[in-house]
Amino acid sequence: MYVDYAATTPVDPRVVKAMQPFFGDLYGNASSMNSFGVDAKRSLEESRKALAHFMGAEQDEVIFTGSATESNNLVLKGHAFKLGIANCHIAVSMIDHDCVLNSARWLDQQGYKVSYLPVDQHGFLILESLEKVLEEKATLVSVVHGNNEIGTIQDAEKIAKMCHNYGALFHTDAVQSFGKLPLNVKESDFDFMTVNAHKLYGPKGIGALYIRKNLNLDPLIHGGGHEFGIRSGTENIPGIVGFAKAVKLREKEMKPEGERLTRLRDRLIKGTLEIYNTYLNGHPTKRLCNNVNIRFSYVEGEAIVLALDTDGIEASSGSACSSASGEPSHVLLAIGLKPEEARGSLRFSLGKYSTAEDIDYILEVLPKAIKRLRAMSPLKGNKRNSWEFNVSN
Ligand SMILES: Cc1ncc(COP(=O)(O)O)c(C=O)c1O
């Protein structure tokens with residue numbers, strides 16, 4: 001049973017079908033003048049239109065990239081290179097994805113001014129800190145929309161408004177909320193927005209970036225001037241067509257699926273919190289419809305992941321991208337957890353194939369796994385079996 005949809009999703013068979021011809025006869029290069037190229041170009045632009053429509057943008061405000069990682073790098077570094085060291089001041093939230101944070105840290109090392117914005121215990125940006133960096137003339141603020149680990153959904157519209165009041169630009173990494181929540185870049189007044197396909201039942205290796213008209217970024221990849229000169233390289237037409245198909249499917253399916261997943265999520269949260277000494281990470285309601293992130297005392301999240309795996313449940317202890325580092329999650333530390341508390345956390349992320357029976361099965365298996373792991377845990381100290389009596393959640 002797969003409950004790691006925040007890491008990636010299975011490609012929808014209808015998306016595979018839409019992509020297939022582009023691995024066969026429709027192999028033209030969208031920059032070629034011949035009719036194969038013209039057909040490829042048409043598919044490229046129709047796909048761009050579909051994406052733009054879904055996010056409320058204009059067609060020429062969307063560029064395709066190779067991943068959300070690339071889009072995030074492009075916003076931060078492209079902005080920095082455009083303004084230069086003397087004029088640039090970037091602020092990023094401390095719970096942003098590693099691809100934002102590590103781009104910011106790299107710029108920091110190169111001598112650019114970078115500020116790191118703290119969050120409260122639920123993961124909401126502390127607006128007084130934002131105000132302070134805006135007073136210090138921040139030029140670009142980047143805040144993740146729906147957090148990939150704890151699911152917290154920021155009040156991005158309010159943050160964008162504050163940024164604009166001070167003349168700063170606002171970027172949001174909406175990878176996890178795109179296709180789960182209605183997002184409209186114009187109504188929300190975003191300047192840049194990062195999205196990708198593989199979190200919404202599309203293929204891997206394709207991302208996009210919304211860039212508000214008349215805003216400039218320096219390109220990171222130079223070449224033949226593809227994608228309005230911002231991202232050179234022959235376009236990945238099968239991936240782009242697959243992304244557009246996935247987005248069109250979301251248009252119809254997002255709302256009913258979101259309501260269904262919210263019910264499953266809340267049942268899973270409620271059932272899991274019945275285990276002694278467990279706590280919810282993130283906000284109880286202002287969270288992604290598919291995200292459940294729970295902290296268990298006296299046990300390591302990775303041990304739980306492995307224990308569940310033997311029972312056929314594929315969960316995660318946090319962000320797939322940084323799990324190799326072995327460090328406690330920077331998101332959980334940023335919301336104020338101690339390293340040992342951060343290490344005891346587990347993420348379930350639900351998706352379109354998740355069912356009520358899956359939740360029943362998790363709630364049957366998980367308490368037993370936790371009990372077993374706690375019984376042999378060196379983390380429990382001398383409070384032997386204390387969790388068996390403590391019912392405070
Ligand atoms: C919030 C967020 N941003 C960026 C990324 C990176 O996406 P990609 O795999 O397309 O590089 C992810 C993927 O885990 C994510 O969850």
Considering the dipole of segment 253-380 built from charges on the beta carbon (Lys and Arg +1, Asp and Glu -1) around the Cα centre, which of Leu261, Asn277, Pro367 is farthest to its positive end? Asn277
Taking 7 Å along the Cα-to-C-beta vector as the label spot, tell me the Glu364-Lys17 distance in nanometres, rounded to one decimal. 3.4
Selection from Leu169, Phe190, Leu140, by position along the positive dipole direction of segment 122-200 (Cβ): Phe190
Given bins 5 angstrom wide, list per bin the percent of all Cα-Cα distances in segment 253-380, short to long. 2, 11, 21, 24, 21, 13, 6, 1, 0, 0
At q = 0.06, 0.09, 0.12, 0.14 Å⁻¹, the log10 of I(q)/I(0) for the chain from a Debye sum over equal Cα scatterers comes to -0.25, -0.55, -0.94, -1.20
How much of the accessible area of segment 13-250, probe 1.4 Å, is carbon plus sulfur, in whole percent? 53
Cβ-Cβ cut-off under 14 Å around Val119, Lys and Arg +1, Asp and Glu -1: the net charge is -3
Largest to smallest accessible area among Met1, Met55 [probe 1.4 Å]: Met1, Met55
Quick calc, Met33 & Ala356: beta-carbon distance into FRET formula, R0 45 Å, rounding 0.05, result 0.25
Just order 35-41, 332-338 by mean Cβ neighbour count inside 10 Å, highest at the front, would you? 332-338, 35-41
Using a/c under 1.5 as the rounded threshold, could you call segment 101-235 rounded, prolate or oblate? The axes a ≥ b ≥ c are square roots of the C-alpha gyration tensor eigenvalues, and prolate needs a/b larger than b/c, oblate otherwise. oblate
Against the longest alpha carbon principal axis of the chain, how many degrees, from 0 to 90 and to the nearest 10, is the axis of helix 237-273 turned? 20
So, with +1 on the Cβ of K and R and -1 on the Cβ of D and E, and no other charges, what is the size of the charge dipole of segment 116-275 about its Cα centre, to the nearest 20 debye? 720
Protection-proxy order for peptides 199-206, 350-357, 70-77, each taking the mean of Cβ atoms within 10 Å per residue, highest first: 70-77, 199-206, 350-357
If a/c stays under 1.5 just call it rounded; otherwise compare a/b with b/c (prolate if a/b is bigger, oblate if not). Do that for segment 159-235, with a ≥ b ≥ c from the square roots of the Cα gyration tensor eigenvalues. oblate
For a quick check of understanding: with a 1.4 angstrom probe and all protein chains in place, what accessible area in square angstrom does Tyr298 have, to the nearest ten? 50
As a test of the formula, what do you get for the chain when each DSSP H run with n ≥ 4 contributes -39,500 (n - 2.57) and the sum is divided by the residue count, at 222 nm and rounded to the nearest 500 deg cm²/dmol? -12500 deg cm²/dmol
3J(HN,Hα) from dihedral phi, segment 48-60, Karplus parametrisation 6.51/-1.76/1.60, rounded to Hz, x for glycine, proline: 4, 4, 4, 5, 4, 4, 5, 9, x, 9, 8, 4, 8
Can you compute log10 of I(q)/I(0) for segment 1-98 with the Debye formula, treating each Cα as one identical point scatterer, at q = 0.15, 0.17 Å⁻¹? -0.93, -1.07
Magnitude of the Cβ-charge dipole (Lys and Arg +1, Asp and Glu -1) of the chain about the Cα centre, nearest 20 debye, reported as 400
Enter the angle in degrees (range 0 to 90, nearest 10) between the Cα long axis of helix 356-375 and the first principal axis of the Cα atoms of the chain, meaning the one along which they spread out most. 50
Solvent-accessible surface (1.4 angstrom probe) belonging to Asp120, in square angstrom, nearest 10: 50
Calculated FRET value between Thr285 and Asn214, using beta carbons and R₀ = 35 Å, to 0.05: 0.40
Counting only protein heavy atoms and rolling a 1.4 Å probe, one gets per residue an accessible area for the chain in Å² of 43
In degrees, nearest 10, range 0 to 90: what is the angle between the Cα axis of helix 301-310 and the longest Cα principal axis of the chain? 90
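The values are calculated or read from the model by the stated rules, or taken from the named source; none is laboratory data. Because the structure is a prediction, the values reported are computed rather than measured. Neighbour counts are summed over all protein chains in view; Cβ atoms, including those assigned to glycine, are modelled from backbone coordinates with ideal geometry. All accessible areas refer to the heavy atoms of the entire protein, side chains included, with ligands and DNA or RNA removed. Shrake-Rupley method; radii C 1.70, N 1.55, O 1.52, S 1.80 Å.
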